[in-house]
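Since every read-out is calculated from the coordinates, none of them should be taken as a lab result. The shown structure was predicted, so the numbers you read here are calculated from the model rather than taken from an experiment. Using ideal geometry, Cβ is built from the backbone for each residue, glycine included, and neighbour counts are taken over all protein chains shown.
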Amino acid sequence: MNFIENLKKELDANVVPRKVHDLFALLYRSYVETLTAAGVDFTEHVKLFDTYLELVKKQLAHPYPFEPYHEKLTKPFNHHTFGIELFRPMVDQKKSVLLHPQNIERMIQQIDANENIILFANHQTEVDPQLMNIALERQYAQFASNVIFVAGDRVITDPLAVPLSLGCCLLCIYSKRHIDNPPEHKEEKLLHNQRTMKRMRELLEEGGKTIYVAPSGGRDRMNPQGEIHLAPFDAASIEMFRLMAKQAQTPTHFYPLALKTYFILPPPQQVECELGEKRIPSRQGAHFAFGDEIDMENFPGADLKDRHAKREARAAHIFHLVKTYYEALP
């Protein structure tokens, strides 16, 4: 029985809802068509979809209770390796680019000294954590595997996303985009975010941590003209990370990270309220640029007296840095 037949069987048995079935089937067919067109032997990778289906069924039956801080699961099942192997054939290594790896070397030295790293980055695909691991595995596998990603609620509740999310270190937070939906859960979500912030402060106090955050609060989107625009950074988000790092009293370094991964797994053009989005992968290069360390105190506008204006100027400066590195990627 092939995967599509097996998926249909689970639909008929009411194990998998119609929407999950349709989205899963679309992902599978797009995956196979992409690799067939690229002339890539996908035999072993397609077998992973049988495992993927079992993981989704498990999530549907017993949703995983993510804590504010989730450590990647590698036992008894290695979700970390699973996510990487599932999307490995979608990364064209010959077309992939890694800019400024010397900055990763510097970060590793700082981590080894028990200091912290916070990466202010743009965000383009649901599988950016897996793509980063694939891009860095030849030289910096341990660095990539230990990155803690600040994750929105979508990737810890969507049945197709959860099996991949379980393989990542996550600080789980409700983004501003979704905290009011539904309104009756807003207070609960705010309390959850407070617990997450408390746990993050503890992690920073421990030291030796690398945290990836997208200060935009979401993924970059394509406009009607077919142009991909980086989502602007939120000054309040950047200020929160700056203050938390300061309160932790453990040396913390801030770096810009630009990534160009959009077409490997494009997001919906519009931010969707309901769970479940179409996933149509394609085989592309995965591009990353790790920028020079950010001076958080000296930047254009640092002399402004109004603290709100100063925060906005800092955020604009960091966004400009990421955008400049982004534009240098192919």
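Could you pull out the longest piece of the chain with no exposed loop GluC sites (Glu not before Pro) in it, calling a site exposed if DSSP puts it outside H, G, I, E, B and it has at most 11 other Cβ atoms within 10 Å? Don't skip to the answer; put the middle values down first.
Details: sites that count: E71, E227, E274, E297.
That gives 72-226 as the longest site-free run.
At R0 = 35 Å, how high is the FRET efficiency between E297 and N114 if r is their beta carbon distance? Nearest 0.05 is fine. If you can, show how the numbers build up before the last one.
Details: r = 22 Å, r/R0 = 0.64.
So the FRET efficiency works out to roughly 0.95.
For I117, what residues show an amide H to amide H distance below 5 Å, using hydrogens built from the backbone and excluding near sequence neighbours?
Those qualifying (amide H under 5 Å, at least 5 residues apart or on another chain) are K209, T210, I211, H253.
Over the Cα atoms of the range 77-131, how large are the radius of gyration and the largest Cα-Cα distance (Dmax), in Å?
Calculated on Cα positions, Rg and Dmax stand at 14.1, 36 Å.
With θ set to phi - 60° and the Karplus curve 6.51 cos²θ - 1.76 cosθ + 1.60, what are the ³J(HN,Hα) couplings of the range 49-59 in order, to the nearest whole Hz, using x for Gly and Pro?
Ordered by residue, 3J(HN,Hα) equals 5, 5, 5, 4, 4, 4, 5, 5, 4, 4, 5 Hz.
How much length is gained if the chain between L60 and E206 is pulled fully straight, taking 0.36 nm per residue apart and subtracting their Cα-Cα distance, in nm to one decimal? Before the final figure, lay out each step's value.
On the way: separation 146, 0.36 × 146 = 52.56 nm, distance 3.53 nm.
Taking 0.36 nm per residue and subtracting the Cα distance, the gain is 49.0 nm.
Please work out the FRET efficiency for the pair N2 and A309, using the Cβ-Cβ distance as r and a Förster radius of 45 Å; give the result to the nearest 0.05. Display every interim value, and only then the final one.
Details: r = 60 Å, r/R0 = 1.33.
It comes out at approximately 0.15.
Which order results if R311, R29 are arranged by neighbouring Cβ count within 10 Å, fewest first?
Details: R311 18, R29 13.
With the fewest neighbours first, R311, R29 line up as R29, R311.
Taking the Cα centre of the chain as origin, sum charge times position over the Cβ atoms of Lys and Arg (+1) and Asp and Glu (-1), and report the length of that vector in debye to the nearest 20. Mind dumping the intermediate values first?
Numbers: 39 positive and 43 negative charges, 37 e Å.
So the magnitude is around 180 debye.
Which of rounded, prolate or oblate describes the range 67-328 when judged by the alpha-carbon gyration tensor and an a/c cut-off of 1.5?
On the way: a/c = 1.22, a/b = 1.14, b/c = 1.07.
Taking the square roots of the gyration eigenvalues as a ≥ b ≥ c, the range 67-328 is rounded.
Of the cross-linked pairs K8/K186; K19/K47; K95/K278, which ones have a Cα-Cα span greater than 30 Å in the structure shown?
On the way: K8/K186 37 Å; K19/K47 22 Å; K95/K278 25 Å.
As for pairs spanning more than 30 Å Cα to Cα, those are K8/K186.
Based only on other Cβ atoms within 10 Å, what is the fewest-to-most ordering of I264, I294, I4? The partial results should precede the final answer.
Values: I264 25, I294 20, I4 15.
Going from sparsest to densest Cβ surroundings: I4, I294, I264.
Taking neighbour Cβ counts within 10 Å as the exposure measure, how do V162, V15 sort from fewest upward?
Values: V162 20, V15 16.
Listed from fewest to most nearby Cβ atoms, that is V15, V162.
What do you get for the angle between helix 235-248 and the principal long axis of the chain? Use alpha-carbon atoms, 0 to 90 degrees, nearest ten.
Approximately 70 degrees, to the nearest ten.
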